[in-house]
Amino acid sequence: MTHGPRRPGTGDRYPHDAGLDPRVPLSILGSIDRVLRDSAVFGLVVDAPGTIALRHDILADQGALRRVVVDSEGVVEDVVVPLEHACLSCAVREDALPTIDRLARDGRWDHVLLALPVTAESFAVSRALASATGPGGELPTVRVSTTLAVIDVETVEDDLLGFDLVRDRGTALTEDDERSVGEALAALLEHVDLVVTTGDDDAHPTSSGLVDRLRAATSRRLAGLHELSALDLAASDHDAAAGEARAFPLGARGAHGLPSSGSRDRSWTLELTSHLPFHPQRLLDEVERLGTGRLRSRGVFWVPNRPGSVCMWDGAGGQLSIGEIGPWRDRLPQTRLVFVGATTPDDDPRDTITEAFGRALATPAEMLGGDLHRLDPQDALEPWLGARDDAA
């Protein structure tokens, strides 16, 4: 690693010291691999003596949160905090905010690194911290600089497209955490500003291709922990609005503008769009073909008996979640699903997916006839989308 800046008063300083923003930069690190996360933390605090790292781990069997604070000289704190409620992401934020504030005000450090519990999503935490560092927030001396994820490129294909659950790997955040590993990995890749991969891209071209297909178009990618610099993280500025847009289902990265892949890369992106809604019953008939298998799928859709509602589609690891997430407001309703996968000698599901998508759509004739707009007593999608507001 390159040498980072020294502490204030000892020579070189972070760019924010000489610029318009004197606040202490805060970087947020996520991973699905404990060893990679801890290796990145160690490298960053050694890289820059002015960096202090706050690491959280969930002790689900104890109903507790472990807080470890380290810098270049070793462990500063190691505390187990009892959890007072079941919302673990809330518990992390509630412990992180006062701890970050205390570390930023201490004066010994000029960069704070928050290392999230393994498999925790970066979006919810960074959103809370962006609010806390904004005008009138609880962290007036702090700014969010970079969100990053550390990923092992050698395991991405199985991690993303396989059927393992986080509990199978001992990384569940609660006793009832039923997420797939792919869901946790995809949520990180699609949200963060910076993706750091370890492993040999040339030996694993498909995994490398999957990383590039899922990470945000505006994100950066570094190959190897040796490329990771605390100075680089601290010098950046996290755009909270852009991060939120990436995490929103409408922000799913499509096929346009993807980097070219080599002939040995079996990864693919399939983007399907229509101005037509899904027919509720036919969607249920086709949902297994659209939402299961070794796929990452994300997007939005609408149904004619809920014309004002954005319906979310989120699938990974053989699991699928759908639900209402709010109104279309000034957007025109659309059905847009983006699928990411990898071919094998025995399987290329793209034709099957495309055909199922077409069958699930309402037809122009059905829409002109008006029957689909009537609010039938039976709503086939109510178990997934919730009760319909017939007055809307």
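Here, each number is a calculation from the coordinates, and none is a lab measurement. The shown structure was predicted, so the numbers you read here are calculated from the model rather than taken from an experiment. Reconstructed Cβ throughout: ideal geometry from the backbone, glycine too, with neighbour counts over all protein chains shown.
Which one of Gln319, Gln281, Gln334 has the biggest mean-square fluctuation once the chain is modelled by GNM with Cα springs under 10 Å? Fluctuation is largest for Gln281. Screening the chain for whole DSSP H helices of 18 Å or more along their axis (Cα) with average Kyte-Doolittle hydropathy at least 0.0 returns 34-47.
Shape call for the stretch 202-246 from the C-alpha gyration tensor, a ≥ b ≥ c root eigenvalues: rounded (a/c under 1.5), prolate (a/b greater than b/c) or oblate? The shape class here is oblate. Couplings 3J(HN,Hα) for the stretch 48-53, derived from phi with the Karplus relation 6.51 cos²θ - 1.76 cosθ + 1.60 (θ = phi - 60°), are 9, x, x, 9, 10, 10 Hz, where x marks Gly and Pro.
Packing here is the average count of other Cβ atoms within 10 Å per residue, and on that basis the peptides 226-233, 268-275, highest first, run 226-233, 268-275.
Each label point was placed 7 Å from the Cα along the Cα-to-Cβ direction; for Ala255 and Asp164 their separation is 3.1 nm. Evaluated on the stretch 226-362, the Kirkwood hydrodynamic radius is 16.6 Å, with distances taken between all distinct Cα atoms.
In the set (i) 27, 53, 20, 1; (ii) 30, 62, 8, 0; (iii) 19, 37, 25, 15, 4, 0, which value of P(r) over Cα pairs in 20 Å bins from 0, in percent was calculated from the structure you see? Identified label for the calculated read-out: (i).
Length gained on full extension, Asp285 to Arg331, computed as 0.36 nm times the residue gap minus the Cα-Cα distance: 13.8 nm.
The order of the peptides 353-359, 294-300 by mean Cβ neighbours within 10 Å, most packed first, is 294-300, 353-359.
Taking 0.36 nm per residue of separation and subtracting the Cα-Cα distance, full extension of the segment from Asp202 to Arg23 would add 60.4 nm. Where nothing but the Cβ of Lys and Arg (+1) and of Asp and Glu (-1) is charged, how large is the charge dipole of the chain around its Cα centre, in debye to the nearest 20? Using only the charged Cβ atoms, the result is roughly 940 debye.
With pairing defined as another cysteine C-beta under 4.7 Å, the cysteines of the chain that fail it are Cys311.
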